[in-house]
Amino acid sequence: MSEQRRIRVGVLAGGASAERPISLATGHQIAESLPKDRYEVVLLDPLALMVNNRKLGAAQRAQARAIAERSGRVEALGERDRRELPEKLRGEIETATAALRSATSALVPAAGEALIDVAFIGLHGPYGEDGTLQGMLDLIGIPYVGSGVLASALAMDKAMAKSVLAAAGIDVPRGVVVARGAYGRDPEAAARAAQDVGYPLVVKPVRQGSSFGVTMIGRPDQLGAAVAEALRYDDRALIEERLAGTELTVGVIGRDEDLQALPVIEVATSHDFFDYQAKYDPAVTEEICPARVPAEVARHAQDLALAAHRAIGCRGISRTDMIAAGERMPVLEVNTIPGLTANSLVPKAARVAGIAFGELLERLVQWALADAAEAEADRSP
């Protein structure tokens, strides 16, 4: 790569999941914050690649077609996003939609090399965080920031992630998975399983983020509606014990074994739990860094985050959510593409560690390029 030209970064944002608006905000801030003297950045929407994906509804396929054809149609925010997201975040989402380009020609040009040197994946949820996009990038030979196919798929599937974490000796909440078909045939089996886990409970989709489809319940008569809500977003629901304690989250960054656990963040919300609005509206949630916990508790949380990062096989960056509940500190989930707006959790912790947002993004890009160069060197005769 010539030293005379800037590195071409394709920031992949938008996509097809329920977290599309948040992904657009992430992509916008990544694009704005990478140093412009060293990086040439374009915002790309992989939804354009999904025109013929029958798993999407007709409206999303039409949206994909409009992006692919560069019709210039600006999408409107949904009612929930208009109601629950703060004004500044809504503005960033709208700015991102105006700047979006189709990912088709940039990733898979008609002839010659791809138009980008590295992809920075800013997608959340299915078709972005779950290994599908990572597999496509591997196939066409474009380096990308973050975890590979296996780690991405494992972390996105909360049931599989729990199995892997438990096998590594990491405490996870007790719970049971309910599949759509089995639940339709025998809902009483789920009721019995929930009773065995013990109320109060959390019910959530197995493969979803931003707290979509999550319900907190305290009584058996609430189970049916909670499972139905989770199954709106996935074909499996996870019923877990609800633990009372202090919610903590720890980011991990680094390459290979040179990993750094960032300062611990404590999440304190005025809502019943860290729901969609609470995640993105600072008026209802306090994100305290360093967390107000004893030093030994913070060290344990950081050790758990490092262990979870390694157990799942994450690369570059991850964020592990956990809860300090008495003598226990169960890991709730591992995020391979945590939010990356300047005010997101990992960038906040990085700032406390002395790492500016732009520097964090640049490190991630450079690690991805170093991995690609190392893989190419390994293949050389």
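Just so it is clear, none of the values below were taken in a lab; they were calculated from the coordinates. All values reported here derive from a predicted model rather than from experimental measurement. Positions of Cβ are backbone-derived with ideal geometry, glycine not excepted, and every protein chain shown enters the neighbour counts.
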(request) Lys and Arg at +1, Asp and Glu at -1: add these up for the other residues within a Cβ distance under 12 Å of residue 95 and post the number. (result) -1
(request) Please arrange 287, 374 by counting, for each residue, the other beta carbons lying within 10 Å of its beta carbon, fewest first. (result) 374, 287
(message) As a footprinting exposure proxy, order 289, 314 by other Cβ within 10 Å, with the fewest listed first.
(response) 289, 314
(request) For each of 163, 318, 33, count neighbouring Cβ atoms within 10 Å of the residue's Cβ, then give the residues from fewest to most. (result) 163, 33, 318
(request) For residue 166 paired with residue 55, estimate the spin-label separation in nm (one decimal), with each label point 7 Å from Cα along the Cα-to-Cβ line. (result) 2.5
(message) As a test of the formula, what do you get for the chain when each DSSP H run with n ≥ 4 contributes -39,500 (n - 2.57) and the sum is divided by the residue count, at 222 nm and rounded to the nearest 500 deg cm²/dmol?
(response) -12000 deg cm²/dmol
(request) Could you calculate the contour length gain from residue 221 to residue 352, that is, 0.36 nm times the residue separation minus the distance between their Cα atoms, to one decimal place in nm? (result) 42.7 nm
(request) Please give, to one decimal in nm, the separation of the simple spin-label points placed at residue 378 and residue 36, each 7 Å out from Cα toward the Cβ. (result) 3.8
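In terms of the Cα gyration tensor, with a ≥ b ≥ c the square roots of its eigenvalues, is region 175-241 rounded because a/c is under 1.5, prolate because a/b exceeds b/c, or oblate?
In terms of gyration-tensor shape, oblate.
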(request) Go through region 39-45 residue by residue and turn each phi into a ³J(HN,Hα) via Karplus (6.51, -1.76, 1.60, θ = phi - 60°); whole Hz please, and just put x for glycine and proline. (result) 10, 9, 10, 10, 8, 10, 10
(request) Estimate the FRET efficiency between residue 359 and residue 241 by the formula 1/(1 + (r/R0)^6), using the beta-carbon distance for r and 56 Å for R0, to the nearest 0.05. (result) 0.90
(request) Lys and Arg at +1, Asp and Glu at -1: add these up for the other residues within a Cβ distance under 10 Å of residue 33 and post the number. (result) -2
(request) Find how many whole Å separate the alpha carbon centroid of region 252-266 from the alpha carbon centroid of region 314-329. (result) 12
